[in-house]
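One structure is given here, and the rest of the page talks about it.
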Amino acid sequence: MAKKIAKKTTGTAKTIRARATAAVKAVAVKAKPVPAKPPVARKGYNKTDLAHFRKIILEKRKEILEELETLKASMMDVTTGEYATENSTYSLHMEQGTDTMEREKTFLFASREGKFLNYLDDALKRLEKGEYGFCLDCGTLIDRERLDAVPHAQLCINCKLKRGK
Ligand SMILES: [Zn+2]
């Protein structure tokens, strides 16, 4: 008899716990639709300005692509004979490694240009989405002068300096 009561009590406790959990869940669900940071309509650069920045970005992009093409050509052009003098120097004085170093430099430069290209592509994406010109960290509009100089800038100058530390 006593065992039965104990069982019943446990059952009741379980039910209470379940109800409490359900209540907590209900509150959590209720609280969910309120976003932590409601999207605020931000006033960015106007269409004319954005077209201007887009033009700068596209021009820089073209420049880089051309430079990369030239670099690629110079890196691959080992067997054509155009760099025959360099190649013979390379085979004769391989231990000096000058050509290798030259190649390494070219490669580093190319990868840096590649990164720059990614930044420019990202800026174009942000232009498409209407997010261009806003600092990714604090959300303020980046200065026109800064964007003119660095059209792919993702941060305002203050946040850039903060991150640099
Ligand atoms: Zn900022």
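What order do you get for Asp49, Asp99 when you list them from fewest to most C-beta neighbours inside 10 Å?
Working: Asp49 14, Asp99 17.
Going from least to most buried by this count: Asp49, Asp99.
5 Å is the cut-off here: which amide hydrogens, built 1.01 Å from N in the peptide plane, fall below it relative to Phe134, excluding neighbours closer than 5 in sequence?
Hits under the 5 Å cutoff: Ile142.
Suppose R0 equals 35 Å. What FRET efficiency, 1/(1 + (r/R0)^6) with r the Cβ-Cβ distance, do Lys14 and Thr140 give to the nearest 0.05? Working shown, then result.
Details: r = 54 Å, r/R0 = 1.54.
Rounded to the nearest 0.05, the efficiency is 0.05.
For Phe109, what charge total do you get from the other residues with a beta carbon under 13 Å from its beta carbon, if Lys and Arg give +1 and Asp and Glu give -1? Mind showing how you got there, number by number?
On the way: positive: Lys72, Arg103, Lys105, Arg112, Lys115; negative: Glu67, Glu102, Glu104, Glu113.
The answer is +1.
Past the 28 Å Cα-Cα mark, which pairs from Lys129/Lys162; Lys105/Lys162; Lys47/Lys162; Lys62/Lys160; Lys60/Lys129; Lys55/Lys105?
Details: Lys129/Lys162 26 Å; Lys105/Lys162 30 Å; Lys47/Lys162 30 Å; Lys62/Lys160 26 Å; Lys60/Lys129 20 Å; Lys55/Lys105 30 Å.
Beyond 28 Å: Lys105/Lys162; Lys47/Lys162; Lys55/Lys105.
Read-outs: derived from the displayed coordinates by stated rules, not from any lab. Remember, predicted model here, so these are calculated numbers, not experimental data. Because the Cβ atoms are built from the backbone with ideal geometry, glycine has one as well, and the counts that use them run over all protein chains shown.
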